[in-house]
1. So how far, in whole Å, is the C-alpha centre of the stretch 69-99 from the one of the stretch 1-57?
2. Tell me the relative contact order for the stretch 6-118 as a rounded percent, counting alpha carbon contacts under 8 Å between residues six or more apart.
3. Kindly provide the helix-only [θ] at 222 nm of the chain, computed as the sum of -39,500 (n - 2.57) over DSSP H runs of four or more divided by all residues, to the nearest 500 deg cm²/dmol?
4. If you take the square roots of the eigenvalues of the alpha-carbon gyration tensor of the chain and sort them as a ≥ b ≥ c, do you get rounded (a/c under 1.5), prolate (a/b over b/c) or oblate?
5. Taking every DSSP beta bridge with both residues inside the chain, roughly what % is antiparallel (nearest 5)?
């Protein structure tokens, strides 16, 4: 199966985001954004990221190129599931920031440290 086009990707992302009740997007002033490029840190693709503060407010960015790098020609169902997982993951960062927590960030650092030790 061929990978979804950028427009198909944004349609799938819109469907996922539109399922979120508005109260969970409180203070997400910059909303949800998509970039065509891929983003990585070393060999790890960044599918999405929560950006907090500054003059642009708080927003979430998704990187289509990173999804392509990770998922390639996987079936659409796999793309849809990964998009939803990424939306929920980044929204969790937002909600934790509002609550003054960083549980997810700590978990991510632990996972990264473990992966680096295994190399």
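1. 8
2. Once divided by the residue count of the stretch 6-118, the mean separation gives 24 percent.
3. -16500 deg cm²/dmol
4. oblate
5. So the antiparallel bridges in the chain amount to around 55 percent.
Taken together, the values in this text are just the output of simple stated rules run on the coordinates, not laboratory data. Computed from a prediction, not measured in an experiment: that's the story for all the values here.
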